Amino acid sequence: MRAENESHPFIAYLEAQLPAMTELLTRIVSIESFSTDKAGVDEVGRLIAHELRSRGAEVTVFPQTTTGDHVLGIFNRGAGSPIAMILHMDTVHPRGSFASRYRIEDGRMYGPGVFDMKASHVIALYAVQTLQALGQMPNREIRMLFTADEEIGSFTSEALIVEQARGAQLVMVMEPALADGRLKSSRRGVGNFKVVVHGRASHAGGGHERGINAIQEMAHHVLAIQALTDYQRGIATTVSEIKGGIAQNVVPDRCEIHVDARANTQADAEWLTGQIYALRPVLPGARLEISGKFERPPMECDAERLAIFERMKQIVAPILTLEHGPSGAGSDAAFTAPIAPTMDGLGAVGDGLHAVDEHIILASLIERTAMNALILQAW
Ligand SMILES: [Zn+2]
């Protein structure tokens with residue numbers, strides 16, 4: 001991926017910083033920060049706040065009770081043309097996985113959350129450091145928001161993310177890159193629905209005909225919901241949990257399911273929501289209770305997104321050739337894309353997202369940091 005020009009001053013500076021970057025990344029990864037592990041996420045937050053302050057940022061901590069605290073660092077507060085960088089500190093890896101998974105091997109660093117997205121913390125911090133060290137820090141406000149609950153839906157950070165995106169000339173969502181470093185120019189929307197069937201309990205022997213079997217009723221809806229899946233259209237529905245019944249000899253009066261729904265376009269997200277809410281009871285006397293919505297709307301790769309990509313590609317051309325592609329998962333880009341020019345996937349190059357072999361290519365820290373620095377400077 002790297003272009004001929006290895007002598008770009010950002011690259012030269014960062015090559016010398018790689019040992020320090022690797023050490024900082026190791027420290028961040030060693031603090032395990034599963035989304036619901038408030039103590040762990042808060043410890044990452046304290047380290048990040050320290051690193052932000054040591055680079056001259058004004059730091060605000062937003063205390064939370066149910067998740068870790070969110071941390072905001074602002075450089076050049078009040079200067080014009082703000083850029084927001086959105087990062088998250090939580091991971092999908094419960095405490096206890098660092099010792100067995102962390103290692104550096106063949107130029108790769110393995111560890112829980114290293115790719116998603118602790119390497120991005122180091123990239124963002126060193127992008128600013130590079131600009132400062134080389135006397136090229138732009139006179140613009142840079143808002144670096146580190147949230148605590150991205151992996152569980154950003155319920156406590158969504159408002160803060162929206163607030164930082166508002167008025168920004170660019171929002172850089174620092175999620176890991178696609179394979180080969182491609183940016184993420186579209187994101188699937190993620191919906192979360194719950195369907196509850198209320199039937200009528202009765203004895204499975206003596207009162208069979210008086211019962212309304214909630215599981216039988218739900219069976220119709222499970223199949224109907226699954227049948228909404230359409231790969232060609234980018235729609236996927238998954239009945240992902242089911243609960244119902246109380247005892248072997250009782251006609252069950254309650255059954256509930258959880259539904260994960262994915263769509264590539266806003267139009268399909270709305271269509272899918274409509275289909276789920278249009279479910280009607282099949283058995284006489286059964287009642288349905290439906291709730292939920294698309295928590296993260298889709299980010300589409302429309303003309304605006306392509307224009308943002310083309311401009312980024314030009315800006316970073318001195319150090320690498322940028323490409324882009326779609327991501328099947330959701331991210332906080334869903335919240336910022338409707339408000340401000342947004343691009344996603346600006347983090348490290350690696351593989352094994354959310355898996356036991358999650359890793360980054362260490363050398364990618366150099367070119368991805370230089371890339372982010374160039375964008376902060378020239379956008
Ligand atoms: Zn992530």
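The values are calculated or read from the model by the stated rules, or taken from the named source; none is laboratory data. Here the structure is a predicted model, which means the values were calculated and not measured. Here Cβ is always computed from backbone atoms with ideal geometry, including for glycine, and neighbour counts include all displayed protein chains. In case anyone asks, the SASA skips ligands and DNA or RNA and just uses the protein heavy atoms, side chains included. Shrake-Rupley method; radii C 1.70, N 1.55, O 1.52, S 1.80 Å.
When residue 357 is tested against (1) open to solvent by less than 10 Å² (accessible area, probe 1.4 Å); (2) of a type in the set (D, E, K, R); (3) in contact with a Phe, Trp or Tyr (Cβ under 7 Å, 6 or more places away or on another chain), only condition (1) is not met.
Going residue by residue through segment 89-110, is there one that turns out to be in contact with a Lys or Arg (Cβ under 7 Å, 6 or more places away or on another chain), in contact (Cβ under 8 Å) with a residue 40 or more places away in the chain and in the same structural domain as residue 355 (by TED's automatic domain parsing)? Yes - at least one qualifying residue is present in segment 89-110. Within segment 338-354, the only residue that satisfies the criterion of being over 17 Å from residue 146 (Cα atoms), open to solvent by less than 20 Å² (accessible area, probe 1.4 Å) and out of contact with any helix residue (DSSP H, G or I) (no Cβ under 6 Å at 6 or more places or on another chain) is 352.
Those residues that are assigned to a loop (DSSP other than H, G, I, E, B), of a type outside the set (D, E, K, R) and in contact (Cβ under 8 Å) with a residue 60 or more places away in the chain, I need them from segment 342-371; list them, please.
Let us first name the residues in segment 342-371 that are assigned to a loop (DSSP other than H, G, I, E, B), namely 345-349, 352-358, 362-363.
Narrowing further to those that are of a type outside the set (D, E, K, R): 345-349, 352-356, 362-363.
Hits for segment 342-371 are 345, 346, 347, 348, 349, 352, 353, 354, 356, 362, 363.
Kindly indicate whether residue 189 is open to solvent by 20 Å² or more (accessible area, probe 1.4 Å) and more than 14 Å from the ligand (Cβ to nearest atom). No. On inspection, residue 161 fails the criterion of being in a helix (DSSP H, G or I), outside the structural domain of residue 359 (by TED's automatic domain parsing) and buried (at least 21 other Cβ atoms within 10 Å of the Cβ). For segment 265-302, a tally of residues being over 18 Å from residue 225 (Cβ atoms) and in contact (Cβ under 8 Å) with a residue 24 or more places away in the chain returns 10.
Of the residues 80, 135, which is touching a residue at least 24 places away in the same chain (Cβ under 8 Å), open to solvent by 10 Å² or more (accessible area, probe 1.4 Å) and either assigned by TED's automatic domain parsing to the domain that holds residue 51 or in contact with a helix residue (DSSP H, G or I) (Cβ under 9 Å, 6 or more places away or on another chain) (or both)?
Working: 135 fails: touching a residue at least 24 places away in the same chain (Cβ under 8 Å).
Only one candidate qualifies: 80.
Any residue that is within 23 Å of residue 222 (Cα to Cα), open to solvent by 50 Å² or more (accessible area, probe 1.4 Å) and in a loop (DSSP other than H, G, I, E, B) - is there at least one of those in segment 268-278? The answer is yes; a qualifying residue exists.
So, in segment 99-129, of the ones that are of a type in the set (A, V, I, L, M) and in a strand (DSSP E or B), which residue ends up farthest from the ligand (Cβ to nearest atom)? Can you show your working first?
To start, the set of residues in segment 99-129 that are of a type in the set (A, V, I, L, M) comprises 99, 104, 109, 114, 117, 119, 122-125, 127-128.
In the following step, the residues that additionally are in a strand (DSSP E or B) were identified as 104, 109.
On the way: 104: 22, 109: 17 Å.
Selected residue: 104.
For segment 135-153, which residues satisfy the criterion of being farther than 15 Å from residue 174 by Cα and away from the ligand (no atom under 16 Å from the Cβ)? Passing the criteria: 135, 136, 137, 138, 139, 140, 141.
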